[in-house]
Structures are given as structure tokens and as C-alpha cells.
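What follows is a single structure, written as C-alpha cells, with notes after it.
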Amino acid sequence: AAILKYCRNKLILPRGMIDITTPGQTMDTYPGGGEGTGNLDLIRRTRTLLLYGICGGRPIPDNAERNREKCVSDRDRARADRSVSLLLDVLIGVQGKKAASVYSADLEGKLLSRFVEEILSVPLLTWKISAVTVKRLTTPAPAPGTNGVIPFVDMLRAFASQHAEELSRGGVRSILPTTDVPPTKCPALAVMCLLANAVQMGQVCVPINGSDPKRFDFRATNLFFLLMASLVDSAPIGSLSSRHSAVEWVSHGTHSTPIVLSVVVIDQCKALVIDSYVRNLFKCAIDEDIIGVDSIISDKNSKDKKYEDEMSQLGGTSAASLAAREARVDRTRGFWQSSKWANKLSKGMNSLLSGGGEGNALKKSSGQRGEGKLVNTSTISRQLANGSGSSSGMSAIESSYTKKGQ
């Protein structure tokens, strides 16, 4: 920890950036990537390793759809995991100490935002690192002085703060790096990969996923889903497609190229709307004390119990059996036939739709007609097509058009 405290700037800052601990220097004086001081820029190097240093140099392995998580070998995963763990040690501090003790608050926010932009946008990130590192990102830091901050949420908050203007106008794609991962090498856009990784981490983050109502963090979840909404809005339509494959057109100057999106990344994106995930969130969002479910259930009457018995019986019945039973129901004595109020309302509506006493002959032959000038001739057309029509129907239609001035 003591060593990292003194060499952190050299490890984490972009190449060519001045030493931020120098009095009077700020992040804004960063010239933009020259050789300069020769910083290591660990974020950029870790990104390059995750993209091209493992899995045979393929951002998404060719066997990913078939082998799923096993498409990343244990050796490659261990190598990538060591790099990401070192990056987290340098970025958020060993033993949970915040980097704000060394960095300015502005620089800290930009570095955390860079982690979202460059590391969380790596395809299949949760497969390329260990479950221990994922847990470290999604679990509140236990060390003193951290106030139980979740690194993953802290990074999302920094990302939203640094790019509030771009996010508000739907410009997420302009924020994320794309030049080092062209669609021809990686069949998943950066915004799509960020969405997939954020969804995967959100599912295992207990304060966000709703699995434990006592630990549920409403503010963190609100931030998470606001960002998810922006990412879903900017991601390709096929990111949440139910089809086995989806295509995205990528522009190259004056022409466009179709890219078949990665199925495994699509599956990770669709976990956002998985049934168990959504159900847990609704359970946390529902306040039973306000709704008063217990008081309503305790006051059940005989009619409620009858409905409960019917629902329990229907629960063990197949859909086909229910459809057959519904088809056999006699509806000749339904509500609209037995109720005087319903009969009166039906007559009033029929009179309104038929235009009063005008066009009664047409009503009998061609069905109901509204107040407009279009006439429903479907019944007469079918009769004429079958050779069973009569001239009275056609005469009624002609007279109707004549009266309307057509």
C-alpha cells in the first residue's frame, strides 16, 4: 500500500500527463497523449490485454457460443484477473482507501469513469475475470473509511457525472472507445458490451438485484436503471432481440456493412428482463404496509374463497383444456342478454351506429354503419362472391351513396 501510494500516478495516469501531485497542476492540463513523462497508463494496457492478449487475440472467442464461459481458458482468465486486480488496487486503493487522498476529486472521478468506458465495455468481461474480482466490484468495501461504498456503483456514478450532457441527449456511443475494436474484429458494439457487462454485474450485486430487501439500496438502483435506460436506448435493436441472430448495419463512409451481432453478448443483455430478476425488484418496490395486503386477506368473505378455489383448480389445468372449456360456454344468456340496463345501452348504441331511422334496409343487409361516409359492404361482397347476393343489397348501397352526395 505504501509503495502504491507513491507510484500510483506513474501507474494509472495516461502517457504524457503531468504529475497531478505537482502544486497548481490539474487534470485539465493533460496535453492529450504525448510521450511526456512516460506514465504506464494501466487502464489502457489492461484493456488491450483483455481484448487481444488472451483468447487467441480475439475479443470474442470463436467458440464462445458453444462453450460459453469455458471459451476462456483457466490460464487466460488468471492472467486477465491479475491485471484487473492490480488495476483495482491502484485505482480504488489497497485496503479500501480512496484515491482521493492522493488525487483531486476531479481526477478521481475521471479515472473511475475511464474504468467504465474502457474496461466495462470489453466484451464478455465477467467471463474473462474471476468471480472473486466480480464480487470485489459489486460488494460494499468492508474496510474502515469507505462508508460501505460499492466500487461498481461508485464507477457508474462517476461515469454519469462526467458525461451528464452526452447521456441526456443519448450520445453514449460517442463516449465509448471504438477505434481499437472495429466491428469486423468484434461483432458487438461497445455500447452493447457495456450494457451486457453492467447487467451481469447488476444481477450479482445484492444492493441492486433485490435478492435481499434489507440490503436493497434504492439510490444505487435508481442510478443503475437510469444508466441502463440510456444504454438500452443507444444499443442496437438486436441487443434485446428474441431471435437467434440479429444484424446491425455499420457505416463506412458512403457505404454500410452488415454485422451479425454476437449471440452470447445478446444473451447477456437480455438478462436485464429475466423473470426472476424483475420479480425480485418488484418485491422490493412493493410496500406491503401501504397496500395493506394482510388486512385485505384477513377480511375474505365466501365469494373471495370461492374465487380462490376456482383459481387453485385452474392452476392445475392446461391451457388447451381451459380453451376447450371456454369454447363450450353458453353465451346466449350472458350479461348483455339478461341485464335490462345492458339491453337498453345496447339498443342505444345500435341506434347511434345505424344513424337512427335512416338506412334500415342497409343495416339488415350490410351490418352496422357509423356516422362516416364509408359503408361496410363486407357481408354483401361475400354474398355476391358466393352467388347468393340479391339486388336489394346493391340498391341499398347505391341509394346510400346517392344520399351522401358521392
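Below, the figures for the structure above:
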item	result
In sequence order, calculated HN-Hα J values of the stretch 223-240 (Karplus, 6.51, -1.76, 1.60; Hz; x Gly/Pro)	4, 4, 7, 5, 5, 4, 5, 5, 5, 4, 5, 9, 6, x, 4, x, 5, 10
Accessible area expressed per residue, the stretch 167-269, with surrounding protein chains retained (probe 1.4 Å, Å²)	49
Normalised per residue, the volume of the convex hull around the Cα set of the stretch 138-212 (Å³)	128
Links that overshoot a 31 Å alpha carbon limit, given the list Lys283/Lys305; Lys70/Lys283; Lys10/Lys270; Lys305/Lys347; Lys10/Lys214	Lys70/Lys283; Lys10/Lys270; Lys305/Lys347; Lys10/Lys214
Amide N proximity, the stretch 236-258 versus Glu65 label position 7 Å along Cα-to-Cβ, cut-off under 20 Å	236-250, 257-258
Highest to lowest packing among 170-180, 121-131, 247-257, scored as the average C-beta count within 10 Å	121-131, 170-180, 247-257
Amide proton proximity set for Ile259, modelled H, under 5 Å, gap of 5+	Glu248, Trp249, Val250
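The values are calculated or read from the model by the stated rules, or taken from the named source; none is laboratory data. What you see is a predicted model, and the numbers here were worked out from it, not measured in a lab. Don't worry about glycine lacking a Cβ; one is built from the backbone with ideal geometry, like all the others, and counts go over all protein chains shown. Note: areas computed on protein heavy atoms with side chains; ligands, DNA, RNA excluded. Shrake-Rupley method; radii C 1.70, N 1.55, O 1.52, S 1.80 Å.
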